[in-house]
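Nothing in this text is a laboratory measurement; each read-out follows from the coordinates by a stated rule. The structure displayed is predicted, hence computed values, not measured ones. Here Cβ is always computed from backbone atoms with ideal geometry, including for glycine, and neighbour counts include all displayed protein chains.
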Amino acid sequence: MTFSSVDSLCQNLQGLSLDQKRQVFYWLAAAIATEEAAELVLPPRPNTSVVEQRHYEGKTYQNEKRRCGKAGCRCMEGDIAAVGHGPYWYAYWKDQGKLRHQYIGKRPPWLRSQARATLQTLSE
Ligand SMILES: [Zn+2]
């Protein structure tokens, strides 16, 4: 898209109602977050084996097996994919240029919202 066509797009958007502008705004924010997550390149982490990676609602999720670092633990010797703890899900995202991460656990958020929806259907 050229600059002039972005210009005319913006001029067209001027004509929208406040509510429609909000809808466009939320749609754009979600689209940007999803694309940014897809672009996120995670540096390889030591003592971590990635089982699965997925982009969801603007974050990158990885299902990882890890070594805990404790001497004598069963995870410390051999192939991480075989002996590592987990797998557990971790979320990764960029916040003002800084890479952040968060421990999620056994169940990724897309399964949680699915479970909630199923419960809701059952209770209706
Ligand atoms: Zn361990």
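Figures for the structure shown
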read-out: Rg/Rg_globular for the chain, with Rg_globular taken as 2.2 N^0.38 Å and Rg from C-alpha atoms; value: 1.50
read-out: Efficiency of FRET between Ala71 and His101 - r from beta-carbon atoms, R0 22 angstrom, step 0.05; value: 0.30
read-out: Amide hydrogen neighbours beyond the local backbone of His55, cut-off 5 Å, H modeled; value: Tyr61
read-out: The stretch 73-124 versus the stretch 1-65: alpha-carbon centroid distance in Å; value: 21 Å
read-out: Kyte-Doolittle mean at least -0.5 and Cα axial length at least 27 Å: DSSP H helices in the chain; value: 18-39
read-out: Dipole magnitude of the chain about its Cα centre (Cβ charges: Lys, Arg +1; Asp, Glu -1), debye to nearest 20; value: 660 debye
read-out: In order through the stretch 62-71: 3J(HN,Hα) via Karplus (6.51 cos²θ - 1.76 cosθ + 1.60), integer Hz, x for Gly, Pro; value: 10, 9, 10, 9, 9, 8, 7, x, 7, 4
read-out: Environment charge at Gly84 (Cβ cut-off 10 Å; Lys +1, Arg +1, Asp -1, Glu -1); value: +2
read-out: Highest-fluctuation residue, Pro44, Pro87, Pro109 considered, GNM on the chain with Cα pairs under 10 Å; value: Pro44
read-out: Average Cα contact separation per residue, the stretch 3-123, under 8 Å, 6 or more apart, as relative contact order %; value: 16 percent
read-out: Number of Lys pairs (Cα under 29 Å; 8 or more positions apart or on different chains) in the chain; value: 12
